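Asker: Got a structure here, written out as structure tokens. Questions coming.
The values are calculated or read from the model by the stated rules, or taken from the named source; none is laboratory data. Nothing here was measured: the structure is a model prediction, and the numbers come from that model. FYI the Cβ positions are ideal-geometry reconstructions off the backbone, even for glycines, and counts take in every protein chain you see.
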Amino acid sequence: MQEKDIKKLLEQVKNNSISIDEAAETLKDLPYKDMGFANIDNHRALRTGYPEVIFCQGKTPEQIRDIMCELVKKGGNIMGTRATEEDYEAVKEALPQAVFFETARIIAVLDERKKANGNLPTVAVVTAGTADIPVAEEAAVTAEILGNKVIRIYDVGVAGIHRLFDKLTQIREADVVIAVAGMEGALASVVGGLVDSPVIAVPTSIGYGANLGGISALLSMLNSCANGVAVVNIDNGFGAAYMAAVINKGK
């Protein structure tokens, strides 16, 4: 339940269009709903501005379906990350309006998706290589669902840095930049030294043996000498996009 829903409910009580008992019934699942296998945080949108997001990995398709069905009752955009096609099929049976972003591995039920226009805050999602795109798409789709316009700029890593320079005008227009890179993770530092926007670096697990499943990229990004660069966990496109949305929300 979001703040606007609470205000609407209170107005209805004030205007005597619903009774106090009816309002109490509507609010009975705040702050959370106990489903036995999960406690649904219905209060999160009120606290943070965004409803709970489901991390699908490790959950059964049936659990994901039931959680999404419960969250949808409260309105707003609902999403599940790290989802599979099997998860989506289970959700779609109960919620035909659900959509699946295959590359991003996100299931979403979009109640309030805003049109991408010049009035929305902007996030540029930039990748070093094509292999980083799945993580980048998790970030891009998440940012869009959370109400941002997204500029996708893929495969502009330091091995061919002229490609990055060709896109600098677009990147500099963004309110926040998400830099996604595996291997040695140098892209974040390069971008950080070229823009005046916050840069959120996402190390990916893409790379040969000494990449250590993304640890090399993570350490490079943490040790960046460029100012204004923050780092999230390995392959955490969702976390980067959420942070970008919070930054943009404050503008």
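Asker: Looking at the range 139-184 only, could you name the residues that are of a type outside the set (Gly, Ala, Ser), in contact (Cβ under 8 Å) with a residue 40 or more places away in the chain, crowded, with 16+ Cβ neighbours inside 10 Å and in a helix (DSSP H, G or I)? Please lay out each step first, then the result.
Answerer: First, the residues of the range 139-184 that are of a type outside the set (Gly, Ala, Ser): 141-142, 144-146, 148-156, 158, 161-173, 175-178, 180, 183-184.
With the extra rule that they be in contact (Cβ under 8 Å) with a residue 40 or more places away in the chain, the set shrinks to 141-142, 145-146, 148, 167, 170-171, 173, 175-178, 180, 183.
Next, from what is left, pick out any that are crowded, with 16+ Cβ neighbours inside 10 Å: 141-142, 145-146, 148, 171, 175-178, 180, 183.
Those that are of a type outside the set (Gly, Ala, Ser), in contact (Cβ under 8 Å) with a residue 40 or more places away in the chain, crowded, with 16+ Cβ neighbours inside 10 Å and in a helix (DSSP H, G or I): Val141, Thr142, Ile145, Ile171.
Asker: Here is a list: Ala230, Ala244. Which entry is in a helix (DSSP H, G or I), under 29 Å from Glu52 (Cβ atoms) and modelled with pLDDT of 95 or more?
Answerer: Ala244
Asker: I'd like the residue in the range 153-163 that is closer than 15 Å to Ala131 by Cβ and not hydrophobic (A, V, I, L, M, F, W, C) and, out of all such residues, is modelled with the highest pLDDT.
Answerer: By that ranking, first place goes to Tyr154.
Asker: Look through Arg82, Arg47 and report the one residue that is under 11 Å from Ile107 (Cβ atoms) and surrounded by fewer than 22 Cβ atoms within 10 Å (Cβ to Cβ).
Answerer: Unique residue meeting the criteria: Arg82.
Asker: From the list Thr169, Thr204, pick out the single residue that is of a type in the set (Ser, Thr, Tyr) and under 17 Å from Ala140 (Cα atoms).
Answerer: Thr204
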